[in-house]
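Heads up: the structure comes next, in structure tokens.
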Amino acid sequence: MIDAAPQGLDRVYFGSGGSEAVKSALKLARQYMIEIGQPQRTKFIARRQSYHGNTLGALGTGGNMWRRAPFDPVMVSASHIAPCYEYRLRAAGETEEDYGLRAADELETEIQRLGPENVIGFLAEPVVGATAGAVPAVKGYFKRIREICDRHGILLILDEVMCGMGRTGTVFACEQDGVSPDILTIAKGLGAGYQPIGAMLCSGAIYAAIETGSGFFQHGHTYIGHPVACAAADVVVTKLTEGGMAARAMQMGTQLSKALEAEFGQNPHVGDLRGRGMFRGIELVADRDTKAPFAPEKQVAARLKKAAMANGLICYPMSGTIDGVEGDHILLAPPFIINDDQIGELVDKLSRSLATVLE
Ligand SMILES: Cc1ncc(COP(=O)(O)O)c(C=O)c1O
């Protein structure tokens, strides 16, 4: 079932959704450190403007301040570095690759601040979803992240709950970054968006450390490995791989990207068009030249959501793109079976909705 997995992810643990998968990943990572005789490792590092789920554990690693705020006092918190967010954070005159290395090196700085011997893992979405709007990392970023983690014996945990399972045009998003994590989380698309299921994949080395150590993963829920959910996911994975659905997401994603570029590429309020495969983001701005966002009180994303619904389009506009407060984006994640006409319909409905809101 996990034939297309990045190298070394030999084991899988099924649960009921994304937050559960992330929480399981955090606990597995911690237990692994205990099993290998490094119990002093207690800290996780994640990124600002990320979302990893809503349980206290998953929310504690997430970097979206609005979502965290009410629960901050009762959470076990990770520390956060900047996301790899080229549109806003690449300096003028800096190459894409130089920016990627600079952004990744923030991890090294944070590890040194915490003490390398105290850190369990680094958690990131390969393509940031809900909180930033389909933001992929630039070339080289995750390779440098992988090197830094390896240098310090820190686990790389990639959260592909939203961007995985073919969404970006490959079964796993990280395939396009050329890295293999130690632990990877998936959900959503694993059940084609209908069947509640999530999973955590881990390396054979982590599994072996526990198997030859205490002998069992100290975790569990009533519905882990639920047979009906797993049977549904098995069919979905077969469609993605042998049925060519992930490849189709890549092909139709290119069409979608071209259609968005043609419609919005010159729009004075579209600052950035980004994403991979069938996972596309549009960042809205008040001024394209200065990249100034709309004032939060304008509630651009909320109004756009209403206008799009009224026009018969379900999309995912969000505000707080830049720092949890400022900025607006639209996330598009259409079904993989979309056809050319429907791409036209999507773009047309979105264009009319945007025009209503920005009038
Ligand atoms: C990247 C990411 N991780 C985790 C989750 C949490 O998944 P769930 O809502 O299934 O608990 C989400 C949900 O949107 C997500 O986008």
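Considered as a group, the residues in region 44-82 that are closer than 19 Å to Gln31 by Cβ and hydroxyl-bearing (Ser, Thr, Tyr) include one that is farthest from the ligand (Cβ to nearest atom), and that residue is Thr61. Among the residues of region 173-188, those identified as in contact with a strand residue (DSSP E or B) (Cβ under 7 Å, 6 or more places away or on another chain), more than 9 Å from the ligand (Cβ to nearest atom) and either at pLDDT below 95 or not in a strand (DSSP E or B) (or both) are Ala173, Cys174, Gln176, Pro181, Asp182.
One residue stands out in region 55-68 among those that are farther than 24 Å from Pro116 by Cβ and modelled with pLDDT under 90: the one that is surrounded by the fewest Cβ atoms within 10 Å (Cβ to Cβ), namely Trp66.
Is it fair to say Tyr85 is within 15 Å of the ligand (Cβ to nearest atom) and of a type in the set (Ser, Thr, Tyr)? Against the criterion (within 15 Å of the ligand (Cβ to nearest atom) and of a type in the set (Ser, Thr, Tyr)), Tyr85 does not qualify. Pairing residues of region 194-215 that are without any contact (Cβ under 8 Å) to a residue 60 or more places away in the chain with residues that are outside any loop (DSSP other than H, G, I, E, B), at Cβ distances under 6 Å and at least 6 apart in sequence or on separate chains, gives Gln195/Ala229; Gln195/Ala232. Here the condition is being modelled with pLDDT of 95 or more, more than 16 Å from the ligand (Cβ to nearest atom), part of a loop (DSSP other than H, G, I, E, B) and in contact with a strand residue (DSSP E or B) (Cβ under 9 Å, 6 or more places away or on another chain); of Arg30, Arg113, Arg41, it holds for Arg41 alone.
If we scan region 144-156, do we find a residue that is within 25 Å of Tyr32 (Cα to Cα) and within 16 Å of the ligand (Cβ to nearest atom)? Within region 144-156, one or more residues are within 25 Å of Tyr32 (Cα to Cα) and within 16 Å of the ligand (Cβ to nearest atom). Taking the listed residues Ala91, Ala82, Ala134, the one that is at pLDDT 95 or above, hydrophobic (A, V, I, L, M, F, W, C), surrounded by 24 or more Cβ atoms within 10 Å (Cβ to Cβ) and within 30 Å of Arg288 (Cβ to Cβ) is Ala134, with no other qualifying.
The values are calculated or read from the model by the stated rules, or taken from the named source; none is laboratory data. Computed from a prediction, not measured in an experiment: that's the story for all the values here. Using ideal geometry, Cβ is built from the backbone for each residue, glycine included, and neighbour counts are taken over all protein chains shown.
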